[in-house]
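> Here it is, the structure in full.
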Amino acid sequence: MRGWFRPGALVTLALLVCGVAGMPYPPAAGAPAETPPNIVMIVSDDQGWPDFGFMGHPTIRTPHLDRLAAESAVFPNGYVPTSLCRASLATLLTGLYGHQHRICCNDPPEGVDRTVMNTFLKQAPSLPRLLQQKGYASLQTGKFWEGHYSNGGFTHGLTVKGRHGDDGLVIGRQTMEPIYDFIRGRQGKPFFVWYAPMMPHEPHNPPGQLLSKYTAPGRHPKVAAYWAMCEWFDETCGALLKFLDDSKLRDNTIVLFVVDNGWIQETGGVRRTRGNFAPKSKLSPYDGGLRTPVMIRWPGRTRPGRYSDLVSTIDVAPTLLEAAGIQPPRPLPGLSLMRTSAGKGRLPRDSVFGELYVHTAVSLFRPSLNLTHRWMRKGDWKLILPVDRGEQPELYRVSVDPYEEKDLAESETDRLAALQVELEKWWDGGRRWNQ
């Protein structure tokens, strides 16, 4: 095994994880320097990046997330490296790309027990595992593919078997009480909550009163059901945020919001993908599957507003670790967003990168064998590079073509060539990083 997963890696990590990055940045006036912030991560599941009020959707109502956006540093140009839920969630928990954490596909090759895949996250320096240095307890709820919640470093959790999240999936759709009980039990000690309900993910079965709001002549029933699911998810987020406020926890709690991957509802009678989503959304290299708003609220530490920087979910782990005053045992590929979200300057980069994999793995230990595409966005431009040599690269100017309808690869040949060189350099560096 290589990288994080070589024999004895856990012992090595225990010896390496001893430094502290210092006080959370930037310190709030009058706040105790030794009080780490609580952390609540809200992860939407299968929701398109435009499908929020604060992102400009004309019909979907998300008043609670809109309010959170008004109080947060909002990065509307956020991306997930991989538009597939299991790989995307693993990136949130590790700060690593799929070819680094090796959790690239939802299912193992035929005939391979899926518990073999659980060792990857179990051996990684995951966010919940690292937060234990500062006395954090952590609760897993909702989506979690990696077997028992402790495999991710969580001290508490609802999932004990895996694939989607088994018993953990009661959260949101049926109850919020496990989160409330966990927080009540902390009594002033720092906590990390992973709120990743399988919402608005299928089944699209919203409460009747919400569905009736979106049912309209000329609107496909599947679209109405999906839109109603988006509002139902928003209601659960509102309940969680209200609980934090009622518990007097707002001021020293970071709330970070992100989507695991995008969704465009398919309405045709014949499936064109593995599921009921359109080809340019989930499991695709297009922004309909990759793009997500990222929001960070930490009262007194983050500055509310919209930030145009390109960000990636590889940035989530270094951001939260810096806020908690924890130095990762090895440099992570992402950047902390703390300084930028405080209004202290732009991020020192102009590009983000990613990779696409098949749904069911060809190989668990050689990620490149599962690869279908690589992609990058640099400034206004988005390059999609297929692995299959029979397919051509695609180039879009997403600032004016957000739904990637006009491929400019043939008319922007010099730009295409330059971006390909940069993408190849990133990919080669990533491979060396994992050796």
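> Among GLU410, GLU404, which is at pLDDT 95 or above, in a loop (DSSP other than H, G, I, E, B) and loosely packed, with under 15 Cβ neighbours inside 10 Å? Show your work before the answer.
Values: GLU404 fails: loosely packed, with under 15 Cβ neighbours inside 10 Å.
Within the list GLU410, GLU404, the selection yields GLU410.
> A follow-up question, please. Can you name the strands (runs of 3 or more DSSP E) wholly within the range 249-361 that have at least 3 residues being under 21 Å from PHE233 (Cα atoms)?
253-259, 291-297
> I'd like the full set of residues that are buried (at least 16 other Cβ atoms within 10 Å of the Cβ), in contact (Cβ under 8 Å) with a residue 40 or more places away in the chain and more than 30 Å from ARG114 (Cα to Cα), limited to the range 337-354.
Hits for the range 337-354 are LEU337, MET338, ARG339, THR340, SER341, ALA342, SER351, VAL352.
> Can you tell me which residues in the range 131-165 are crowded, with 24+ Cβ neighbours inside 10 Å and of a type in the set (A, V, I, L, M, F, W, C)?
Within the range 131-165, LEU131, LEU139, PHE144, PHE154 meet the criteria.
> Right, another one. In the range 324-335, how many residues are without any contact (Cβ under 8 Å) to a residue 40 or more places away in the chain and buried (at least 16 other Cβ atoms within 10 Å of the Cβ)?
Residues meeting the conditions: 1.
> Could you pull out the residue among TYR396, TYR403, TYR357 that is without any contact (Cβ under 8 Å) to a residue 40 or more places away in the chain, among the aromatic types (Phe, Trp, Tyr) and not assigned by TED's automatic domain parsing to the domain that holds ARG274?
Exactly one of TYR396, TYR403, TYR357 is without any contact (Cβ under 8 Å) to a residue 40 or more places away in the chain, among the aromatic types (Phe, Trp, Tyr) and not assigned by TED's automatic domain parsing to the domain that holds ARG274, namely TYR396.
> Could you name every one of the helices (runs of 4 or more DSSP H) located completely within the range 39-155 that has at least 1 residues being small (Gly, Ala, Ser)?
Filter on the range 39-155 gives 63-70, 85-94, 98-101.
> If you don't mind, there's one more thing I want to ask. Which pairs turn up if I take residues in the range 261-289 that are assigned by TED's automatic domain parsing to the domain that holds ASP45 and of a type in the set (D, E, K, R) and look for partners that are at pLDDT below 90 and not in a loop (DSSP other than H, G, I, E, B) with beta carbon separation below 9 Å, at least 6 apart in sequence or on another chain?
GLU266/PHE277
> Follow-up question, since we're still on this one. Could you check, for the range 280-293, whether at least one of its residues is crowded, with 20+ Cβ neighbours inside 10 Å and more than 27 Å from TYR226 (Cα to Cα)?
Taking every residue of the range 280-293 in turn, none turns out to be crowded, with 20+ Cβ neighbours inside 10 Å and more than 27 Å from TYR226 (Cα to Cα).
Residue-wise test of (1) crowded, with 21+ Cβ neighbours inside 10 Å; (2) touching a Phe, Trp or Tyr at 6+ places or on another chain (Cβ under 6 Å); (3) without any contact (Cβ under 8 Å) to a residue 40 or more places away in the chain.
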position	(1), (2), (3)
ASP45	yes, no, no
ARG61	no, no, no
HIS64	no, no, no
SER72	yes, no, no
PRO81	yes, yes, no
ASP107	no, no, no
MET117	yes, no, no
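> I need the full set of residues from the range 310-323 which are touching a Lys or Arg at 6+ places or on another chain (Cβ under 8 Å) and surrounded by 22 or more Cβ atoms within 10 Å (Cβ to Cβ), in order please.
Of everything in the range 310-323, just one residue is touching a Lys or Arg at 6+ places or on another chain (Cβ under 8 Å) and surrounded by 22 or more Cβ atoms within 10 Å (Cβ to Cβ), namely ALA323.
The values are calculated or read from the model by the stated rules, or taken from the named source; none is laboratory data. Small disclaimer: the values here were computed from a predicted structure and weren't measured. Heads up, the Cβs are rebuilt from the backbone with ideal geometry, glycines too, and the neighbour counts pull from every protein chain shown.
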